[in-house]
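Down below is the structure, laid out as C-alpha cells.
The values are calculated or read from the model by the stated rules, or taken from the named source; none is laboratory data. Being a predicted model, the structure only gives us computed values, none of them experimental. Neighbour counts are summed over all protein chains in view; Cβ atoms, including those assigned to glycine, are modelled from backbone coordinates with ideal geometry. To get the accessible areas, we keep the full protein, side chains included, count just its heavy atoms, and leave off ligands, DNA and RNA. Shrake-Rupley method; radii C 1.70, N 1.55, O 1.52, S 1.80 Å.
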Amino acid sequence: MARDALALMDHLGWKKAHVFGHSMGAMISCKLAAMAPHRLSSLALLNVTGGGMECFPKVDAQMLSLAFRFLRARTPEQRALVDLETHYTKEYLDEEVESCTRRAILYKEYVKGISSSGMQSNCGFEGQINACWTHKVTTKELDTIRAAGFLVSVIHGRHDIIAQVCHARRLAQRLLPVARMVDLHGAHLVSHERPQEVNNALMDLIKATKSATAPHEWSSQPENTSETGALISARPVTLAIRTGEAGNAAVAAYNLLAKLQLSFLYVIGLIVMAFEHMRNIVRVTKPVRVAAIESS
C-alpha cells in the first residue's frame, strides 16, 4: 500500500508531499516515510499504533460488548450503531444539534452510507486485520525517519478505544527529536470531533516546515492546553516511581499479566477468524440437494 501511494505521487508528478495518514493509513504513511524519506516534506500521524499487539483495542466491558455486537451485525442499522460507539465519544454523540442529538444525525448518515456501499465482506475485514497485525515499524525504519530531517506530528484522541493513545505517545517518544505529540479530547475519529484543532495542528506542521524550523525547536515547544482541551506536548509525559524490591516484583508481575492477556486475546482472535474461515469454506463446498424429476 505504501508502494501504491508512492506510485500515485509519481503519476501526479509530485516530487515531495506533506503526508497525512489516519489509523491504518497512518501505518501506511510510516512505511512510506521509511521507504522513501526524500519524498516527504512532513509526516502527520493521526490515531496511529505500531501494529501487531498494539492493534488490540482497550479491553473493558464496553469493548467486549461492541465486539460481540460487531460480529453479530447483519444489517446496516445494526452495524451503524456499533460504528458510532466505536468512532466517537459518548459526550460528542449526545450533543444537542438543533432539535435532535448528533447521534441521531450521524446514525442516519451511517445507515445511508453502509446501505449504498454494502457491508464490508469477511474477506475484506480479515485482510484489513491481517495487514494491521503484521504491520511493524522497525528500529532501523524509525532511525531512517528521524534522520530524514522532516518534522513529524502525532495527533491522537485520548479516548480512542481502537488505537490506544499510549501507543501513539510511545511512537512519538521514539521519534524524538523530530516528533511532537498532540493529545486531543476525542475518540478514533477525533478529526470529526475536533476538526479545528486537527487542522491547526496540521497547519502548524506545514508552517514549521516552510520556515525550516529545526527539530529541537519543534520538539521543545512548552506544553499548553487550549480552551477546547487540546494538550500539545513535544515530549510525552513519563511518570517515574521509585519502588523497593517488593514494588519492582509487583510491577514485573503486572507487566507479565498484561502481556499474557494480550497473547490470550491474540490467540482467541486467531481462533475466531479460523472458525469463520472454515465455516465459509463448508458453506461453499456443502453439496446441494437436487430433487429427481420423474419423466412422464
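Here are the numbers for this structure:
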quantity	calculated
Nonlocal amide H pairs with ILE161, under 5 Å, H built at 1.01 Å	HIS188
Under-5 Å amide H pairs with ILE155, H placed in peptide plane, nonlocal only	LEU45, LEU46, ASN47, VAL182
Estimated dipole of the stretch 30-105 in Debye, rounded to 20 [Cβ of Lys and Arg +1, of Asp and Glu -1, Cα centre]	480 debye
Accessible area per residue in Å² at 1.4 Å probe, computed on the stretch 61-119	65 Å²
Sulfur and carbon atoms: percent of accessible area, the stretch 61-119 [1.4 Å]	57 percent
Dmax and Rg, reported as Rg then Dmax, of the stretch 61-119 (C-alpha, Å)	11.8, 34
TRP218, TRP133, TRP14, reordered so the largest accessible area comes first (probe 1.4 Å)	TRP14, TRP133, TRP218
